[in-house]
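Peer 1: Here it is: the structure, laid out below.
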Amino acid sequence: MSSVEKAGLEQWRKELVPQVRGSVLEVGAGTGANLLYYPKKVIQLVLSEPDAGMRKQMKAKIANGNFGQVIVSSGTAEKIEAKDASFDFVVSSLVFCSVPSLDTALLEVKRVLKKGGRFIFLEHVAAEKGSERRRWQNRINPLWRKIAGNCHLNRDTEKAILEAGFTISEVRHEHLHTIMPVVKPTIRGVAVKP
């Protein structure tokens, strides 16, 4: 993923993550790719990652860096280990393509956000309906899911965010560079819990 980070993800993380403050949860934090971009305005940072191998790498980054107090959780996006209305912000990057239940995960994000809380997202998504790329995503998706950790090429994550009851205050539709064409479509932005 280092070439993809250099080709755009890194810049997108730098634009999205620094706007958080207060109490923050990152779901599917992976190996801690966003750690460098969290601002000092964060008073509580919880990084949730169910994969033990990724969690181990993330903990090593935390131990070797100057990130303040960080809580690491093994919770999943569908079962977040937090009380209702616990966080000012929830962050995700390249997570909701692979969760077993997109709708359940988004309702959990909404549950743990405070009223007016913000969901910061960066996700690869389905291509435009009717496009050749979307047709290829639909064809390849069953095999892709098996070899890519349940990653869905054709999820309409933006629509699912709206259906979960969020208001999208900002969204950008772009393409990842230096990656297979079926994975290029992305969205990034901010959704608000009413």
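Peer 1: Kindly establish whether V24 is touching a strand residue (DSSP E or B) at 6+ places or on another chain (Cβ under 9 Å), in a helix (DSSP H, G or I) and aliphatic (A, V, I, L, M).
Peer 2: Details: touching a strand residue (DSSP E or B) at 6+ places or on another chain (Cβ under 9 Å): yes; in a helix (DSSP H, G or I): no; aliphatic (A, V, I, L, M): yes.
No: the conditions fail for V24.
Peer 1: Within the stretch 68-80, identify whether any single residue is part of a loop (DSSP other than H, G, I, E, B) and on the phi > 0 side of the Ramachandran plot, and answer yes or no. Don't jump to the end; show me each part of the working.
Peer 2: Applying the first criterion (part of a loop (DSSP other than H, G, I, E, B)) to the stretch 68-80 yields 68-69, 74-75, 77-78, 80.
If we keep only those that are on the phi > 0 side of the Ramachandran plot as well, we get 68.
Yes, because at least one residue in the stretch 68-80 is part of a loop (DSSP other than H, G, I, E, B) and on the phi > 0 side of the Ramachandran plot.
Peer 1: Only residues that are among the hydrophobic types (A, V, I, L, M, F, W, C) and under 17 Å from R118 (Cβ atoms): list them for the stretch 30-67, please.
Peer 2: Of the stretch 30-67, the ones among the hydrophobic types (A, V, I, L, M, F, W, C) are 33, 35-36, 42-43, 45-47, 52, 54, 58, 60, 62-63, 67.
Across the stretch 30-67, the qualifying residues are V42, I43, L45, V46.
Peer 1: Just to be sure before I move on: is A33 assigned to a loop (DSSP other than H, G, I, E, B) and of a type in the set (A, V, I, L, M, F, W, C) in the structure I sent?
Peer 2: On the way: assigned to a loop (DSSP other than H, G, I, E, B): yes; of a type in the set (A, V, I, L, M, F, W, C): yes.
So A33 passes the test.
Peer 1: Touching a strand residue (DSSP E or B) at 6+ places or on another chain (Cβ under 6 Å), surrounded by fewer than 16 Cβ atoms within 10 Å (Cβ to Cβ) and not hydroxyl-bearing (S, T, Y), is that true of I71? Even if it seems obvious, please write down each step before you answer.
Peer 2: Details: touching a strand residue (DSSP E or B) at 6+ places or on another chain (Cβ under 6 Å): yes; surrounded by fewer than 16 Cβ atoms within 10 Å (Cβ to Cβ): yes; not hydroxyl-bearing (S, T, Y): yes.
Considered against the rule, which asks whether it is touching a strand residue (DSSP E or B) at 6+ places or on another chain (Cβ under 6 Å), surrounded by fewer than 16 Cβ atoms within 10 Å (Cβ to Cβ) and not hydroxyl-bearing (S, T, Y), I71 comes out as yes.
Peer 1: Looking at G22, G65, G8, can you tell me which residue is farther than 12 Å from V91 by Cβ and at pLDDT 95 or above?
Peer 2: When all the criteria are applied, what remains is G22.
Peer 1: Then there is this: Checking the condition under 15 Å from the mean Cα position of the chain (by Cα), farther than 17 Å from R188 by Cβ and aliphatic (A, V, I, L, M), which residue from L94, L25, L122 passes?
Peer 2: Numbers: L94 fails: farther than 17 Å from R188 by Cβ; L122 fails: farther than 17 Å from R188 by Cβ.
After ruling out the rest, the residue left standing is L25.
Peer 1: Would you check if E26 is within 22 Å of K83 (Cα to Cα), crowded, with 17+ Cβ neighbours inside 10 Å and in contact (Cβ under 8 Å) with a residue 60 or more places away in the chain?
Peer 2: On the way: within 22 Å of K83 (Cα to Cα): yes; crowded, with 17+ Cβ neighbours inside 10 Å: yes; in contact (Cβ under 8 Å) with a residue 60 or more places away in the chain: yes.
Yes: the conditions hold for E26.
Peer 1: Can you name the condition, by its number, that S48 falls short on among (1) at pLDDT 90 or above; (2) surrounded by fewer than 20 Cβ atoms within 10 Å (Cβ to Cβ); (3) over 23 Å from H173 (Cβ atoms)?
Peer 2: (2)
Peer 1: Something else now. Just give me the residues in the stretch 83-94 being modelled with pLDDT of 95 or more and not acidic (D, E), in sequence order.
Peer 2: Those that are modelled with pLDDT of 95 or more and not acidic (D, E): K83, A85, S86, F87, F89, V90, V91, S92.
Peer 1: Turning to a different aspect of this structure: Looking only at helices (runs of 4 or more DSSP H) that fall completely inside the stretch 93-194, which ones have 1 or more residues that are crowded, with 16+ Cβ neighbours inside 10 Å, free of Cβ contacts under 8 Å to residues at least 24 places away in the same chain and basic (K, R)?
Peer 2: Values: elements: 102-112, 132-147, 157-163.
Answer list for the stretch 93-194: 132-147.
The values are calculated or read from the model by the stated rules, or taken from the named source; none is laboratory data. Treat the numbers as computed from the prediction; the structure is a model and nothing was measured. Positions of Cβ are backbone-derived with ideal geometry, glycine not excepted, and every protein chain shown enters the neighbour counts.
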